[in-house]
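Trainee: First, the structure itself, so that you have it in front of you.
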Amino acid sequence: MSLTAAPRIEPKLQLCVLHVVRIYDLTPHMRRIVLGGRDLENFDVPTNALGPYIKLLIPPNGIEPEWPTLSDDGRLIWPALDRRPVMRTYSVRHFDKDACELHVDFVMHGDRGVASAWAARAKAGDPVGLWGPGCTTTQNIDWYLFAGDQTALPAIAFILENLPATARGEAYIEIPDESEKQIFGKPSGVDIKWLLGKKETPVLQDAVKAASWPAHSRVFVWAGAESATARSIRSHMKTKHGLDRDQMYILNYWRRGQAEGGFGYLD
Ligand SMILES: Cc1cc2nc3c(=O)[nH]c(=O)nc-3n(C[C@H](O)[C@H](O)[C@H](O)COP(=O)(O)OP(=O)(O)OC[C@H]3O[C@@H](n4cnc5c(N)ncnc54)[C@H](O)[C@@H]3O)c2cc1C
């Protein structure tokens, strides 16, 4: 289960059905859904993972679907179209192995999205499938540059909470307004720059393009955003800074006007 050729680790993949344990809103547009289930005893998320992600298998129209199964070589075998769940990618915000609980934060972007609509209506006890996790990691980095819109906030928060205390760098996070800011732990050498973005303005890409880092640093750029922004940052890092694939992990987290599945993560 991989999204890119960047350096990564391959934890053991799980395919299981979890249940909603509790739900609460972190901010006006960010909802946390805590998922639980005994299968999480076998789930593992390395804490040095840079933005571990999972595939959620969302039941269509609230009915219990037929869940996919795993082939011997680890691929998903899907049931008929009208009975299968819809797959969407989300980040691990927090994993509590002792409690068998996985925290997933959803940007509430309205009813057009299967996952967003599911999160809006979910209630304790609802089933949801999980396939994952997938992870990337890196080592010997002097300077981290993180960039993301609100969909990448859960991943960036996970990473910052788990980076070594000596890590240095900057994190640019675009949110629609002040009420979407969150507080989380981070190394003292990493500065968070909150950017207030108006829809369809290039505030994130402009800030990242103006960013610099100490000369001769081994830098790693991590970004997740709407695909036009991600593409622009990727291209800037290649052409302006000469970074290659191993020095960056920049994903199209979503694409305006298209549902997940209709575009590649690296297009
Ligand atoms: C590795 C990875 C990790 C991710 N982690 C998270 C996470 O932790 N939390 C999170 O909220 N998202 C996360 N995302 C983004 C999420 O997968 C997409 O936003 C996804 O499209 C949501 O699915 P949906 O069913 O709600 O919408 P879809 O059915 O995929 O899309 C329906 C419509 O909604 C639009 N849309 C999708 N997302 C947004 C948005 N954020 N704002 C406005 N319009 C949107 C699409 O353009 C489309 O027109 C992650 C993506 C990746 C690749």
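The values are calculated or read from the model by the stated rules, or taken from the named source; none is laboratory data. Quantities reported herein were computed from a predicted structural model and do not represent experimental measurements. So basically every Cβ, Gly included, is an ideal-geometry build from the backbone, and we count neighbours across all protein chains shown. Please note that ligands, DNA and RNA were not included when accessible areas were found on the heavy atoms of the full protein model with its side chains. Shrake-Rupley method; radii C 1.70, N 1.55, O 1.52, S 1.80 Å.
Trainee: With (1) touching a residue at least 40 places away in the same chain (Cβ under 8 Å); (2) more than 9 Å from the ligand (Cβ to nearest atom); (3) open to solvent by 70 Å² or more (accessible area, probe 1.4 Å) as the list, and Asn61 as the residue in question, which single condition is left unmet?
Mentor: Tallying (1) touching a residue at least 40 places away in the same chain (Cβ under 8 Å); (2) more than 9 Å from the ligand (Cβ to nearest atom); (3) open to solvent by 70 Å² or more (accessible area, probe 1.4 Å), Asn61 fails exactly one: (1).
Trainee: Then there's this: Taking the residues in segment 124-139 that are part of a loop (DSSP other than H, G, I, E, B) and either at pLDDT 90 or above or of a type in the set (A, V, I, L, M) (or both) as candidates, determine which candidate is most open to solvent (accessible area, probe 1.4 Å).
Mentor: So the residue we want is Ala124.
Trainee: Exactly one condition in (1) open to solvent by 20 Å² or more (accessible area, probe 1.4 Å); (2) more than 16 Å from the ligand (Cβ to nearest atom); (3) in contact with a Ser or Thr (Cβ under 8 Å, 6 or more places away or on another chain) is false for Phe220; which is it?
Mentor: The failed condition is (1).
Trainee: Within segment 210-237, track down each residue that is part of a helix (DSSP H, G or I), closer than 18 Å to Ile156 by Cα and of a type in the set (A, V, I, L, M).
Mentor: Ala230, Ile233
Trainee: Do you know which of the residues in segment 18-35 that are open to solvent by 10 Å² or more (accessible area, probe 1.4 Å) and farther than 20 Å from Lys181 by Cα is farthest from the ligand (Cβ to nearest atom)? Even if it seems obvious, please write down each step before you answer.
Mentor: Let us first name the residues in segment 18-35 that are open to solvent by 10 Å² or more (accessible area, probe 1.4 Å), namely 19, 21-29, 31-32.
If we keep only those that are farther than 20 Å from Lys181 by Cα as well, we get 19, 21-22.
Numbers: His19: 19, Val21: 17, Arg22: 17 Å.
Within segment 18-35, the match that is farthest from the ligand (Cβ to nearest atom) is His19.
Trainee: On to the next question. List, please: which pairs have Cβ atoms under 6 Å, are six or more places apart or on different chains, and start with a residue in segment 39-52 that is in contact (Cβ under 8 Å) with a residue 60 or more places away in the chain and open to solvent by 10 Å² or more (accessible area, probe 1.4 Å) and end with one that is within 16 Å of the ligand (Cβ to nearest atom) and not in a loop (DSSP other than H, G, I, E, B)?
Mentor: If the second residue must be within 16 Å of the ligand (Cβ to nearest atom) and not in a loop (DSSP other than H, G, I, E, B), the pairs left are Val45/Phe95; Val45/Pro133; Thr47/Asn162.
Trainee: When the residues of segment 225-259 are narrowed to those that are over 23 Å from Leu195 (Cα atoms) and crowded, with 18+ Cβ neighbours inside 10 Å, which ends up farthest from the chain's Cα centre (by Cα)?
Mentor: Here the answer is Leu243.
Trainee: Mind counting the residues in segment 118-149 that are away from the ligand (no atom under 12 Å from the Cβ), on the phi < 0 side of the Ramachandran plot and of a type in the set (Gly, Ala, Ser)?
Mentor: Final tally of qualifying residues: 4.
Trainee: Identify, please: which residue in segment 90-117 is crowded, with 17+ Cβ neighbours inside 10 Å and farther than 23 Å from Ser179 by Cα and is, among those, nearest to the ligand (Cβ to nearest atom)?
Mentor: Val114
Trainee: So Glu66 ticks every box in (1) more than 16 Å from the ligand (Cβ to nearest atom); (2) open to solvent by less than 60 Å² (accessible area, probe 1.4 Å) but one. Which box is left unticked?
Mentor: (2) is the only condition that Glu66 fails.
Trainee: Condition check: assigned to a strand (DSSP E or B) and surrounded by 12 or more Cβ atoms within 10 Å (Cβ to Cβ). Does Ala207 satisfy that?
Mentor: Considered against the rule, which asks whether it is assigned to a strand (DSSP E or B) and surrounded by 12 or more Cβ atoms within 10 Å (Cβ to Cβ), Ala207 comes out as no.
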